[in-house]
Each structure stands twice: as structure tokens, then as C-alpha cells.
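The values are calculated or read from the model by the stated rules, or taken from the named source; none is laboratory data. All of these numbers come straight from a predicted model, not from anything done at the bench. FYI the Cβ positions are ideal-geometry reconstructions off the backbone, even for glycines, and counts take in every protein chain you see. Surface areas here come from the heavy atoms of the whole protein model, side chains and all, with no ligands, DNA or RNA. Shrake-Rupley method; radii C 1.70, N 1.55, O 1.52, S 1.80 Å.
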Amino acid sequence: DYALENIAYISDNGQSTLSNLAATKGNVAHAVIQNLFLNTEDEHSGYPTAIKARVSADYKKVFDDVVETKGAILLLQENAIERRQLFEQLRECIDHLLDIIDKDNLHVIACEKVLDGNTFGEPDEQTPQMHGFADMVLARENGEHIIFDFKWTSSKSYYQGLLKKNTSSQLAIYADLLRAQTKDSVIPTAYFLMPVGKLYSTLGFRSYYANKLDVAEGCEGDLIVKIVSSYRYRRNEIMSGKIEMGEACPLESLDYYNETEANNLFPLKPQYQQEELKAVNDFSSYKHLKN
């Protein structure tokens, strides 16, 4: 039986959307990589030689199995071309990912690594415990850990922009949680973007398929400190009865924006091509409840 999530692409009007297909492709890609890049019963399975052997022998079977369990939308006749295209694109991405791992003498030690911790402080009725999953955790022979996060996206600049502006809160929190579990003082992170099949990081890698990005001037600093400061700032506002949303409002009209530098807060996201206005949060209009 197919899980209900596999037919959730059908909206009230019965039509599928491109965004549903993109999400499904991402889910399938994550699961295929997870299955092929690590066998938890074999401590040597995360090394490039072992991964290459599994990919060569089992890629088609793993892909077909994952599509049946996580991507039923791709089994529709109308999506046959999309399924074939995904099969070919993902295979190429896996080759690129293997080249990156091999060239830097890395090995995979975990996929969907559970990361629990207290980034915001000791949990209480007002402070949540963090709980997340890192797509892939790798290590060098010297024990240094690295986190890869996989994204299936058509964007050519969004995730690169997060790294350049030092605003990737997801990667920063993952690194902080993993750092608490290891002896690493710093844990490098990177986005592996599909279907382009390239890695983006502020750390240099040897592979042709890896791109090093420099943090923009003025955007340096410890992102975790900003995230924690922002959480406490917002929590104090809410506890005092103040709700400041300001969607599409001029940034200068918002207290949070005006106090960002003084309080070392995580910067607000401006509107695309309207940098003087605060971006609209997609959840604010409750669009997710309309389908």
C-alpha cells in the first residue's frame, strides 16, 4: 500500500502542481542517497570504494523501491518522463557527490543523523529543546566532521546567497548540535544542490563539482549567537504581549530592524527586489490550509 503522503499532491481541485513534483523529487533523492551511501551494519560501508560498488550494483533497484514508497506521484503515466528524467539526473548527482567525497578523502558516518540539543539554553516552559536531522555527516581520517545538506531546487542563487550572507540558520544550528556531540571546535557545512549536482560551502573542496563561496563583507560573525539573541528578543516581546509581524512594511518602521545591530540579532529578510520592505512570511496568510 502507498502511504497517504504519496497521494497528498492532489489538491481540492484535483490538480497536481510543479511544486508537489519538486518536493517528491527531493524526497526520493534524499532516500536513494541514504540507502546507497551507508549500510549501518558495515562500518566500512561509508567509504567511496564501497559506495561506488553499491551504486553500480543496486542503483536501479533502490531507485524503483524508493519511488514506490515515497514517490507514487511519479508512477502516474503522465509523469513517466519526469520519472525517467529524475532517474538520470539523480544518477549523475550521485556520481558528482562521490567525486567530492573521494577527492577530499572523506567517508560517510551517518545519514539522517539525529541531532538533539539545547542551542537556546536549558529547556523549560519557554525554551524548547532542539531536534533535527542532518542529511549526511562525513568525517576526514583525522576525525574532523562535516555536514552536507541536500536540496532539490531550481533556484540558481538562493542557497548560495544564504552562505554568502551568513544567514543559513539551518546549517548553523546543525553544526552547533553536532559540535556538542563531538570534540570538534568548528564543524564545516555545505549545501549539495540537485539536479545541478554541485556542492556549495565557505570551505574549500578539491572536486570540480565543489564551489567555495566567500562570506560578504560585513556579514561575518558567529551566526549561532545571533540566532540565540533573536530567539530571546522575540520571546521577551511575546511574553510582554507584543506581536510584531510587519509583513511588507518598511523595515525602518520595525523595532526589531532598528535594534538588530545593537542587539546582534538575526537580520530580517527583505522582499525580493524591494530591500526596504520586510518579506512576507508564507505562513502568515495560512495558504497551507487552503489546499
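Using a probe of 1.4 angstrom and keeping all protein chains present, the accessible surface of the chain works out to 58 square angstrom per residue.
When you filter the GluC sites (Glu not before Pro) in region 211-248 for DSSP loop state and at most 10 other Cβ atoms inside 10 Å of their Cβ, you are left with GLU217, GLU220. Under the combined filter of DSSP loop state and at most 11 neighbouring Cβ atoms within 10 Å, region 88-183 retains these GluC sites (Glu not before Pro): GLU125, GLU141.
Within the chain, the longest run free of exposed loop sites, counting chymotrypsin sites (Phe, Trp or Tyr not before Pro) that sit outside DSSP helix and strand states (H, G, I, E, B) and have at most 16 other Cβ atoms within 10 Å, spans 3-207.
Take the Cα of ASN118, step 7 Å toward its Cβ, do the same at GLN271, and the gap between the two points is 4.3 nm. Protein heavy-atom surface of region 117-179, 1.4 angstrom probe: 46% of the accessible area is carbon and sulfur, with nucleic acids and ligands not counted. When the square roots of the Cα gyration tensor eigenvalues are ordered a ≥ b ≥ c, the ratio a/c for region 94-175 is 1.5 or more and a/b does not exceed b/c, which makes its shape oblate.
When the accessible area of region 218-276 is split by element with a 1.4 Å probe, what percent falls to carbon and sulfur? Carbon with sulfur: 52 percent of the solvent-accessible area.
Taking 0.36 nm per residue of sequence separation and removing the Cα-Cα distance, the ASP95/GLU252 pair yields an extension gain of 51.8 nm. Beta-bridge orientation, the chain: approximately 70 percent antiparallel, per DSSP, counting only bridges with both partners inside. Anisotropy class assigned to the chain is oblate, per the alpha carbon gyration tensor with a/c at or over the 1.5 cut-off and a/b no larger than b/c. Our helix-only sum for the chain, with -39,500 (n - 2.57) per DSSP H run of n ≥ 4 divided by its residues, gives a mean residue ellipticity at 222 nm of -12500 deg cm²/dmol. Across region 154-224, the relative contact order, built from alpha-carbon pairs under 8 Å that are at least six residues apart, equals 34 percent.
Overall shape of region 37-116 was characterised from the C-alpha gyration tensor. The equivalent ellipsoid obtained from it has semi-axes of 26, 15, 12 Å, in decreasing order.
Taken along the Cα-to-beta-carbon direction at a fixed 7 Å, the label points for ALA262 and LYS103 span 4.8 nm. Taking a ≥ b ≥ c as the square roots of the Cα gyration tensor eigenvalues, with a/c under 1.5 meaning rounded and otherwise prolate when a/b beats b/c, else oblate, which class fits region 127-226? Cα axes put region 127-226 in the rounded bin. Taking a virtual spin label 7 Å from the Cα of SER185 along the C-beta vector, which residues in region 121-142 bring their backbone nitrogen under 19 Å of it? The answer is 140-142, whose backbone nitrogens lie closer than 19 Å to the label point. Working from label points 7 Å from Cα in the Cα-to-Cβ sense, the SER56 to ASN20 distance is 4.0 nm.
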